[in-house]
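This report refers to the structure that appears directly beneath it.
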Amino acid sequence: MAATPTFFSRAADELPENPGETGNGRFTIGPEYTIDPDLTDRGQPKGRTFKFSMPLAESRVFNGTDKSLEPGTKPVRVARTITVYIPAAYRDGTKAPVLVIHDGPGPLGLISHALDNLALAKDPMRTLPAFIAVAVENGGDDGKSSQRGLEYDTLSDRLARFIHDEVLPAVLNQTEIKAAYPRIAFTDNPWGRAVIGCSSGGAAALTMGWFRPEWFRRIIAYSGTFVDQQDDDAPEEAAYPLGAWEYHSGMKLIETSETKPLRIFTHVSQNDNRANDPEETYHNWVMAGLRTEAALEEKGYAHRFVFSEATGHCDRRVFEHTLADTLVWIWRGYRAE
């Protein structure tokens, strides 16, 4: 079994977690769904949105030429768009917490409303820190032999390194952002670094924290792809032959590894991915989500799990119903520097 880094930062030691157990556990929702008012425009002060492009060819980690790719059938993007939302509650010069969003822009619209409404909220049990949301577009297409699959389904620290070493510095150095916020900064505290994704992006969120907990510790995975979608040509196949399936089955990484300093939200829909494959994939997808929940619970992680009835894969109704509560729970205990 390949070893994973276990370095912990000085900032994390100086600002320990003390979130309590409020909101932990298993929740079943549905079959009726409504949008949480905190995910709508409630007339609060708005933040600012910025967009810029990162050419894949300039990346040291994901430059679009990996040997596992099949660009003829699964196109690779020339560049990816990075969308950044800085809430009105952020004060230039403070070290902001950050939420990385896979498959950007993804749920950024809902998240920006949550920030507008809850970063200035008075209720201590219903509030958010003024985090900066960084939505990162994937590299293109889906599944094995694709750039997105390489980024999200590979069990390694590659994606964490790409975000930490390339994307976040690019945000801080982007000309338009620097002009508006000359002293913008991100916290070095890994408890101030959250990641959200759906499908393979959800599995990738856990993988970022799993392999680099010294960088990312708050994990949100909706409809997570905890099945084997790792490319057969990936060098990681030698260490983790079943990809993300190894978290809960096969090697049972969650069960057999030392407990990591992570706070984790997971979700699975009753009909998750059924439209793509009514037999094997559907069976495996829901099974994988439930097994992941059971493994995290047995290991004693700070964990919140939602099972949504009468819903499908990455169902928007689930996001609209739960995302505000999920964000409040995932950030509980965070102490600003």
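No value in this document is a laboratory result; all are computed from the given coordinates. Just so we're clear, the structure is a prediction, and the values are computed from it rather than from any experiment. No Cβ is skipped: glycine too gets one built from the backbone with ideal geometry, and neighbour counts run over all protein chains shown.
Observations on the model:
- Dipole magnitude of the chain, debye to nearest 20 (Cβ charges: Lys/Arg +1, Asp/Glu -1, about Cα centre): 1280
- Here's the picture: a label point sits 7 Å out from the Cα of residue 309 along the beta-carbon direction, and within the stretch 25-42 the residues with their amide nitrogen under 18 Å of it are 26-35.
- Cross-link pairs exceeding 23 Å in C-alpha to C-alpha distance, out of 51/144; 51/260; 252/299; 122/299, comprise 51/144; 51/260; 122/299.
- You can think of it this way: the chain between residue 58 and residue 256 has 67.5 nm of extra reach, that is 0.36 nm per residue less the Cα-Cα gap.
- Neighbour-count order for 125, 54, 251, fewest beta carbons within 10 angstrom listed first: 125, 251, 54
- Membrane-span-like helices in the chain, defined purely by DSSP H runs whose alpha carbon atoms cover 20 Å or more axially and whose average Kyte-Doolittle hydropathy reaches -1.0, are 280-299, 316-331.
- Using a cutoff of 8 angstrom between alpha carbon atoms and counting only pairs six or more residues apart, the relative contact order for the chain works out to 23 percent.
- For the stretch 31-80 versus the stretch 195-235, the spacing of their alpha-carbon centroids is 15 Å.
- Packing-based ranking of 227-234, 77-84, 182-189 yields 227-234, 77-84, 182-189, ordered from highest to lowest mean Cβ neighbour count within 10 Å.
- Rounded to 0.05, the FRET efficiency of the residue 125 and residue 79 pair, given R0 = 35 Å and the Cβ-Cβ distance, is 0.25.
- The Cβ shell under 15 Å around residue 60 holds other residues with a net charge of -3, Lys and Arg each +1, Asp and Glu each -1.
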